[in-house]
1. Any chance you could count how many residues in the range 1-43 are part of a loop (DSSP other than H, G, I, E, B) and closer than 18 Å to N130 by Cα?
2. Can you confirm whether the range 75-83 contains a residue that is closer than 24 Å to Y148 by Cα, surrounded by 15 or more Cβ atoms within 10 Å (Cβ to Cβ) and under 15 Å from the mean Cα position of the chain (by Cα)?
3. Give me the pairs: first residue in the range 21-39 and within 12 Å of R8 (Cβ to Cβ) and assigned by TED's automatic domain parsing to the domain that holds A145, second residue aliphatic (A, V, I, L, M) and in a helix (DSSP H, G or I), beta-carbon distance under 6 Å, and six or more apart or on different chains, which are they?
4. Select from the range 147-161 the residues that are crowded, with 18+ Cβ neighbours inside 10 Å and either free of Cβ contacts under 8 Å to residues at least 60 places away in the same chain or more than 17 Å from I9 (Cα to Cα) (or both) and list them in ascending order.
5. Please work out which one of (1) surrounded by 12 or more Cβ atoms within 10 Å (Cβ to Cβ); (2) farther than 14 Å from T44 by Cβ; (3) hydrophobic (A, V, I, L, M, F, W, C); (4) modelled with pLDDT under 95 is the condition L133 fails and give its number.
6. Out of (1) surrounded by 14 or more Cβ atoms within 10 Å (Cβ to Cβ); (2) over 21 Å from the mean Cα position of the chain (by Cα); (3) closer than 30 Å to C113 by Cα, what's the single condition that is false for I51?
Amino acid sequence: MKVKNIVRISAELLGLKEIVKYLDGEVAESEELLGDVNNLVLATNIVNNTIASSYIDLIDSVTINCRDGLIAFGKISNKSIIDIKSIESGSGRKLSYKVMPDGLMINHAGECCIVYTYFPDKVTLDDDINYYLKLNEITFAMGVASEYLYIKGVIDDAYMWDKRFKTSIFNLLRPRRSISMPARRW
């Protein structure tokens with residue numbers, strides 16, 4: 001998903017025609033338009049972090065050689081880590097660990113694989129956001145519309161868009177179960 005498309009859809013949902021024209025290249029740039037577009041990009045970053053921390057885990061793993069039992073967070077990743085999911089030794093055995101203020105304490109010497117969740121990086125108008133099969137642009141745009149309205153101070157409309165966003169997220173992410181009808185006899 002392109003951030004520009006998400007911002008454009010959000011502007012369409014909110015009836016911000018000048019922003020849509022600006023994103024389509026039909027209107028010249030002005031301070032007010034640029035400020036509104038920057039607020040929409042800020043709202044996109046807020047929604048992106050909300051989705052990553054509350055709805056869809058962004059998971060990564062790294063293999064590190066642990067010598068003294070303490071692994072600094074900076075050695076694991078340059079991303080902002082949300083949670084450590086698991087740590088396994090090179091042979092696949094699960095390892096116990098303790099989260100310390102500056103890293104992880106592990107009772108293991110040797111290679112280990114750390115699986116963690118993280119916050120996404122900040123995006124700009126020209127970047128991509130990839131949740132692959134989990135999320136669509138319209139749902140994301142509803143969240144952006146909500147956050148944009150919160151930024152602007154239009155609380156009632158923001159609440160309405162937030163409710164639509166959360167309902168859409170719930171419907172997309174809820175587990176599906178197969179429905180089977182019993183055979184009927186005539």
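The values are calculated or read from the model by the stated rules, or taken from the named source; none is laboratory data. Keep in mind that what you see is a predicted model, and the values were worked out from it rather than measured. Because the Cβ atoms are built from the backbone with ideal geometry, glycine has one as well, and the counts that use them run over all protein chains shown.
1. The number of residues fulfilling the criteria is 1.
2. Looking for residues that are closer than 24 Å to Y148 by Cα, surrounded by 15 or more Cβ atoms within 10 Å (Cβ to Cβ) and under 15 Å from the mean Cα position of the chain (by Cα), one finds none in the range 75-83, hence no.
3. Final answer for the pair search is Y22/L33.
4. Hit for the range 147-161 is A158, nothing else.
5. (1)
6. (2)
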